[in-house]
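The next block holds one structure in the form of structure tokens; read it before the comments.
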Amino acid sequence: MNVPADPRELLRRYSGNPILRPQDFPKMVNAVFNPGVTLLEGRTLLLLRVEHRTGLSSLIVATSDDGLTGWDIDPVRGLHPMVDGFAEHWGIEDPRITLVGDEYFVVYVGYSAAGPLVLLATTRDFSHWERRGVLMSPEDKDAALFPTTFGGRWALIHRPAPSQSGLGAHIWLSFSPDLRHWGDSRVLVAARRGGWWDANKVGVGPPPLLTKDGWLLCYHGVRVTASGSIYRLGLVLLDRDDPTKVLARGNEWVLGPHETYERAGDVPDVIFPCGWILRDDGDTLHLYYGAADTVVCVAEASLANLLDHLEQHPCHPQSAGASLMGTIGPS
């Protein structure tokens, strides 16, 4: 049973969700989810994580004129894992697309025998690719690049996994002069503790979006309950000139699973975005997300409303994990 839309929601689900399902593919696949998104030649392009019936995932292209309907799936375009290598031996996952000049930088996760790691590939047409190698070694994932440099250095948001249980999984920020050597790393957004909706585990969603107020981040928080984990979304604002500075963090989640297609699937109760598009009016934002690790959906928001929400629902620094960031600090 579908739950009626609440007009108070900041993010409003598209009535035609899911927009892409496994049965939409010409070849039988198990699931399609967690798409990166960009614009190419006037069309909305999704780079989809497609899990095949082998269990391994590849990245496949689908395009649409309006970003909602009429999706053209091209199983040939995209990025397919190098299964004879180390970094992508068991597939590739969860792309985030950043446009730099006329080139698309795609940060994605490789499923290696040593665990998940962060990789980079570049393209101009999503048919021809240059693999740029490993950015972060295992275990690390949920990574996205800024579209600009800061003081001549690239900035990467990512989420390392802690070597000890109980420490929490936090969003980190690292810098590089050449996209190969990374350092000056620090916790950017700490997972909270206790009963918060984003306690103990957080990860970035789409690549950061530059707004009039700074860089807007959408991130997922994971709450573990007696019946399993719930993945919900929250908002953070960073300084436009210094992304190490967190200007605001919301105290509430803004989108959580409640529709049937979000609550039932391979991994229930999961909303997981990897991309968003700001439309031509400068305010309409389309957020593309995987639902229950099974299908692809989209939600719409007003950018102005999201920024207003951050201002009206600030998080107390103690609850935001400021003390934790102070103890870990830059490395």
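Listing for the model above:
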item: Counted charge near residue 215, where neighbours are those whose Cβ lies closer than 15 Å (Asp, Glu -1; Lys, Arg +1); result: +1
item: Simple Cβ-charge dipole of the chain, Lys/Arg +1 and Asp/Glu -1, about Cα centre, in debye nearest 20; result: 780
item: Whichever lysines have a C-alpha closer than 18 Å to that of residue 245, once near sequence neighbours (fewer than 8 apart) are set aside; result: 212
item: All lysines inside 21 Å of residue 141 as judged from Cα atoms, apart from same-chain residues fewer than 8 positions distant; result: 201
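Since every read-out is calculated from the coordinates, none of them should be taken as a lab result. Here the structure is a predicted model, which means the values were calculated and not measured. Don't worry about glycine lacking a Cβ; one is built from the backbone with ideal geometry, like all the others, and counts go over all protein chains shown.
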